[in-house]
Amino acid sequence: MRTTVGIIGAGPAGLLLARLLHRAGVDSVVLESRDRAYVEHRQRAGILEQGTADVLRAAGAGERMDREGLRHDGIELRFDRRRHRVDLPALTGGRSVTVYAQTEVCKDLVALQLKEGGPLLFGAEALAVEGAASDRPRIPFRYQGREDVLECDYAVGCDGFWGVARQAVPAGVSRVYERTYPYAWLGVLADVAPSHDELVYARHERGFALLSMRPPAGRHRPGGEAASLPVESFVSRLYLQVPRGTEAGRWSDEEIWDELERRFETDDDWHLERGPVTRKSVTPMRSFVHEPMRHGRLLLAGDAAHIVPPTGAKGLNLAVGDVVTLARALVHEKETGSAELLDTYSATCLRRIWQAERFSHDMTTLLHRAPDATAFDDRLQLARLERIASSRAAGTDLAEGYTGFPLG
């Protein structure tokens with residue numbers, strides 16, 4: 001099998017890259033080791049930056065997002081029993097975010113790829129990337145019980161942290177930067193309308209809590225107008241800071257709701273609505289960056305190159321930034337014969353990635369209580385939150401980071 005761009009992984013990075021290349025007339029083949037059902041139901045975050053939403057619309061993949069997603073113009077910081085709203089458009093010149101789950105983004109992109117794009121092979125396990133430093137890299141893969149080889153001009157690893165692509169970068173070339181956090185998120189999906197119409201980030205002496213939301217499966221707004229579902233149509237997605245290594249099953253539903261109530265408590269009449277918990281999971285917290293993101297004709301994108309703690313809602317959005325930059329570079333080479341943009345791909349992406357890593361780390365340490373935190377640490381956290389609540393400059397810095405750094 002032969003193609004111009006061989007893409008490993010049909011997550012949002014691989015699927016969007018294939019879509020952007022197809023629209024520019026560059027052929028590709030996407031290899032995905034899992035089946036379609038897994039790809040379309042793999043639960044991940046669902047906060048889309050302004051730039052990500054704009055890219056999906058421009059790629060022809062934004063119709064359902066605009067119909068069923070929920071635009072958010074603010075987030076709420078909760079600390080010391082007080083509430084402070086960060087007005088995103090007012091602080092960023094009109095930018096906002098959209099609540100639309102990554103699973104739904106993948107469904108939209110899969111449907112478009114199968115209808116209009118190049119080959120998308122589910123159940124095709126990439127075994128390695130060979131000849132990355134040559135003019136014609138090869139991707140051996142196993143598909144439908146037999147082994148085959150995908151020859152390409154460029155191989156792109158969108159296969160996540162545990163994928164084979166990054167392993168093809170020689171150890172002498174790789175530089176790895178990482179941090180593991182001593183806590184995790186216990187996440188629950190609950191069949192109850194959200195208790196607030198925007199996301200709530202709570203700093204509490206017992207640990208962090210987050211109130212989020214997502215549309216329930218199968219709910220669609222009638223008609224074709226580009227308008228969001230009302231927040232009452234969404235179900236609640238909530239998170240608790242827990243020690244690293246916690247097992248989700250060790251928390252009963254009642255214990256989870258009780259702890260959420262404690263951490264979201266305020267001095268006004270706000271209260272938390274309870275409902276049946278339909279899913280529990282634990283998400284570990286880590287920061288990770290692999291440099292460089294290019295070796296020869298192998299390029300890395302998304303989680304294959306970087307991981308962020310989920311506090312800043314940056315994972316999917318960073319992947320979009322990577323593939324927008326990469327697609328632009330590949331199309332530039334096709335049209336001009338120049339590899340100039342490909343040569344700067346890694347450096348261009350890393351500037352944005354490190355800003356997102358910085359923002360995600362800042363949000364994480366601002367809101368989570370470390371196991372060894374002292375009274376001095378607690379007061380510093382509260383002072384940082386007070387600064388955001390009282391200073392337009394500090395609030396603007398948070399709002400700019402939350403709505404997204406420039407693509408490319």
For region 362-372, name all the residues that are in contact with a helix residue (DSSP H, G or I) (Cβ under 8 Å, 6 or more places away or on another chain) and more than 21 Å from residue 399 (Cα to Cα).
369, 370
Would you confirm, using the coordinates I've provided, whether residue 215 is exposed (fewer than 14 other Cβ atoms within 10 Å of the Cβ), at pLDDT below 95 and of a type outside the set (D, E, K, R)?
no
Filter region 254-270 for residues that are under 29 Å from the mean Cα position of the chain (by Cα) and touching a residue at least 60 places away in the same chain (Cβ under 8 Å); which is surrounded by the fewest Cβ atoms within 10 Å (Cβ to Cβ)?
265
Taking region 21-47 on its own, how many of its residues are part of a helix (DSSP H, G or I) and either surrounded by 23 or more Cβ atoms within 10 Å (Cβ to Cβ) or without any contact (Cβ under 8 Å) to a residue 12 or more places away in the chain (or both)?
4
So how many residues does region 349-383 have that are part of a helix (DSSP H, G or I) and of a type in the set (Gly, Ala, Ser)?
4
Looking at (1) modelled with pLDDT of 95 or more; (2) surrounded by fewer than 20 Cβ atoms within 10 Å (Cβ to Cβ); (3) closer than 30 Å to residue 22 by Cβ; (4) out of contact with any Pro (no Cβ under 8 Å at 6 or more places or on another chain), which one does residue 356 not meet, given that it meets all the others?
(2)
Could you check, for region 304-312, whether at least one of its residues is small (Gly, Ala, Ser), in contact with a Pro (Cβ under 9 Å, 6 or more places away or on another chain), under 18 Å from residue 12 (Cα atoms) and part of a helix (DSSP H, G or I)?
no
Would you point out the residue of region 288-342, among those that are among the polar types (S, T, N, Q) and in contact with a Ser or Thr (Cβ under 7 Å, 6 or more places away or on another chain), that is farthest from residue 20 (Cα to Cα)?
311
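Whether any residue in region 130-152 is outside any strand (DSSP E or B) and under 21 Å from the mean Cα position of the chain (by Cα) is what I want to check.
Looking through region 130-152, none of the residues is outside any strand (DSSP E or B) and under 21 Å from the mean Cα position of the chain (by Cα).
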Name the pairs whose Cβ atoms lie under 6 Å apart, with the first residue in region 162-184 and among the polar types (S, T, N, Q), the second part of a strand (DSSP E or B), and 6 or more positions between them or separate chains?
180/286
State whether one or more residues within region 320-334 are in contact with a His (Cβ under 9 Å, 6 or more places away or on another chain) and either over 21 Å from residue 165 (Cα atoms) or touching a residue at least 24 places away in the same chain (Cβ under 8 Å) (or both).
yes
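The values are calculated or read from the model by the stated rules, or taken from the named source; none is laboratory data. As the structure is a computational prediction, the values presented were derived from the model and not from experiment. All Cβ positions, glycine included, derive from the backbone under ideal geometry; neighbour counts span all protein chains shown.
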